[in-house]
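The values are calculated or read from the model by the stated rules, or taken from the named source; none is laboratory data. This is a predicted model, so every value here is computed, not measured. Cβ atoms come from the backbone with ideal geometry, glycine included; neighbour counts cover every protein chain shown.
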């Protein structure tokens with residue numbers, strides 16, 4: 001069965017500023033869209049379902065996806081501004097958490113996120129007989145509606161990197177959403193609040209509660225922890241990078257890691273220690289390549 005990768009939501013443009021607030025780059029952004037972009041340039045079939053604004057920013061962002069090979073036929077154009085993530089790069093001593101990601105323009109101080117209230121929730125008919133991997137980084141009811149409207153073979157893969165995308169949802173709602181997932185990647189900065197919200201004590205408890213195939217906790221330069229089941233035993237393995245490089249822009253590091261891992265997951269029949277070691281090496285290299293350049297996407 002052919003595999004396809006789908007993401008859903010508002011199209012986003014990244015505007016990157018230097019420390020003096022000079023605009024130095026504009027390109028498509030958003031974790032889930034970066035994941036889709038990365039998979040497309042790996043040669044995978046990728047489909048975007050969502051909304052963009054009827055403006056120059058929307059044109060730039062959608063062209064970036066299309067240039068990579070993402071099908072954007074299911075992206076509607078609305079009479080609103082396209083969402084903009086404002087990224088400010090400090091001058092020196094860059095670390096994972098030193099780069100600013102803001103929903104407000106550093107020039108005008110205006111709010112630059114304009115989320116759609118009309119996101120489509122239907123997966124195109126031609127994908128119904130495919131094996132679909134749905135990539136999400138948010139927990140909106142409209143995202144859940146997309147999952148629940150699709151009755152073909154699917155796996156839900158969540159890339160959870162910031163508390164602002166789940167902090168206002170109830171435990172009951174989050175439990176319902178997370179129960180749809182097969183593979184989850186969590187940034188370690190979200191763990192305390194998420195686990196507190198769900199009354200979960202450990203990574204293994206989280207893995208067991210949602211019956212996951214794979215759980216990954218990313219820790220920036222410290223590597224990643226994998227929780228999986230091998231021979232009916234739940235295992236935890238930590239992998240650390242052998243090579244540390246200087247950071248130019250860490251914005252797309254987690255996305256490169258997630259999308260590389262997701263591709264391996266999609267084509268693997270077994271998740272075991274050998275799979276973890278191979279996948280970490282590939283994903284870590286992808287992250288390392290991204291943080292050595294400006295912007296969250298590999299330039300074509």
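Of note:
- Selection count, segment 51-93, where residues are touching a helix residue (DSSP H, G or I) at 6+ places or on another chain (Cβ under 6 Å) and surrounded by fewer than 21 Cβ atoms within 10 Å (Cβ to Cβ): 3
- Residues of segment 60-80 satisfying the condition of being closer than 14 Å to residue 15 by Cα and more than 19 Å from the chain's Cα centre (by Cα): 60
- Every listed requirement among (1) more than 21 Å from residue 256 (Cβ to Cβ); (2) at pLDDT below 95; (3) touching a strand residue (DSSP E or B) at 6+ places or on another chain (Cβ under 6 Å) is met by residue 93 save one, (3).
- Within segment 108-149, the residues that satisfy the criterion of being touching a strand residue (DSSP E or B) at 6+ places or on another chain (Cβ under 8 Å) and more than 28 Å from residue 263 (Cβ to Cβ) are 110, 111, 112, 113, 114, 115, 116, 118.
- Criterion (free of Cβ contacts under 8 Å to residues at least 40 places away in the same chain, under 12 Å from residue 9 (Cα atoms) and within 19 Å of the chain's Cα centre (by Cα)) met by exactly one of 144, 119, 140: 144
- Residues of segment 257-295 satisfying the condition of being buried (at least 19 other Cβ atoms within 10 Å of the Cβ) and at pLDDT below 90: 284, 286, 287, 290, 291, 295
- Consider segment 199-209 and keep the residues that are touching a helix residue (DSSP H, G or I) at 6+ places or on another chain (Cβ under 9 Å) and surrounded by fewer than 17 Cβ atoms within 10 Å (Cβ to Cβ). The one that is farthest from residue 280 (Cα to Cα) is 199.
- Residue check for residue 123: surrounded by 15 or more Cβ atoms within 10 Å (Cβ to Cβ), under 20 Å from residue 52 (Cβ atoms) and modelled with pLDDT of 95 or more: no
- Residue list for segment 284-300, filter: assigned to a helix (DSSP H, G or I) and in contact with a strand residue (DSSP E or B) (Cβ under 8 Å, 6 or more places away or on another chain): 284
- Residue list for segment 167-185, filter: touching a helix residue (DSSP H, G or I) at 6+ places or on another chain (Cβ under 7 Å) and closer than 25 Å to residue 263 by Cβ: 177, 180, 183, 185
- Qualifying residue in segment 155-169 (condition: at positive phi and in a helix (DSSP H, G or I)): no
- The listed residue being over 22 Å from residue 32 (Cβ atoms) and in contact with a strand residue (DSSP E or B) (Cβ under 8 Å, 6 or more places away or on another chain), out of 272, 192, 213: 272
- Residue in segment 216-238 that is surrounded by fewer than 16 Cβ atoms within 10 Å (Cβ to Cβ), under 24 Å from residue 299 (Cβ atoms) and within 21 Å of the chain's Cα centre (by Cα) present: yes
- Beta carbons closer than 9 Å, at least 6 apart along the sequence or on distinct chains, pair a first residue in segment 254-266 that is free of Cβ contacts under 8 Å to residues at least 40 places away in the same chain with a second that is surrounded by 24 or more Cβ atoms within 10 Å (Cβ to Cβ) and in a helix (DSSP H, G or I) for 264/279; 264/283.
- Qualifying residue in segment 186-196 (condition: part of a loop (DSSP other than H, G, I, E, B) and surrounded by fewer than 17 Cβ atoms within 10 Å (Cβ to Cβ)): no
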